[in-house]
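Here the structure comes first, spelled out in structure tokens, and everything after it is commentary.
The values are calculated or read from the model by the stated rules, or taken from the named source; none is laboratory data. Just so we're clear, the structure is a prediction, and the values are computed from it rather than from any experiment. Methodologically, a virtual Cβ is constructed for each residue, glycine included, from the backbone with ideal geometry; neighbour enumeration extends over all protein chains shown. Heavy atoms of the whole protein, side chains included, go into the accessibility calculation; ligands, DNA and RNA do not. Shrake-Rupley method; radii C 1.70, N 1.55, O 1.52, S 1.80 Å.
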Amino acid sequence: MLREKDEEDRRKVMITPIQKRQKQIKDHFESLAEANKEACQTYTEEELAIILSFMEKVTMIMDQENEKLMAERR
């Protein structure tokens, strides 16, 4: 990744991928997607629905706890 500061607003940083690494990054994410697909294929639709429900609940809990921590810092 290449980080470029905005000359008009010093708070901003533009992040862009480096061209020479794009194939490596693409290959990694294709491999990751395939591995996830294979993992999901070991479960039934009903099991995947339960896993999804659990992950949504855990994500909501984590978001709520993160908000509590951020509020303490203010």
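Values computed for the structure shown
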| item | result |
| --- | --- |
| Helix-only [θ]222 nm of the chain, DSSP H runs n ≥ 4, -39500 (n - 2.57) each, per residue, nearest 500 | -23000 deg cm²/dmol |
| Of the GluC sites (Glu not before Pro) in the chain, those whose Cβ has at most 16 other Cβ within 10 Å and which sit in DSSP loop | 7, 8 |
| By accessible area with a 1.4 Å probe, ligands and nucleic acids excluded, highest first: order of 9, 27, 63 | 63, 27, 9 |
| J(HN,Hα) series, the stretch 39-50, from Karplus relation 6.51 cos²θ - 1.76 cosθ + 1.60, nearest Hz, glycine and proline x | 5, 5, 5, 8, 10, 7, 4, 5, 5, 5, 5, 5 |
| Cβ-derived FRET efficiency at R0 22 Å, residue 55 paired with residue 34, nearest 0.05 | 0.65 |
| Unit charges at the beta carbon, dipole of the chain: most positive-side option, 58, 29, 48 | 29 |
| Unit charges on C-beta of K, R, D, E only; dipole of the chain, Debye | 620 |
| Label-point separation in nm, residue 41 to residue 11, each point 7 Å along Cα→Cβ | 4.8 |
| Under Karplus coefficients 6.51, -1.76 and 1.60, residue-wise ³J(HN,Hα) of the stretch 65-73 in Hz, glycine/proline x | 5, 5, 4, 4, 4, 5, 5, 5, 7 |
| Cα convex hull of the chain, projected area averaged across orientations, nm² | 8.4 |
| Contact order relative to length of the chain, as percent, for alpha carbon pairs under 8 angstrom and 6 or more apart | 15 |
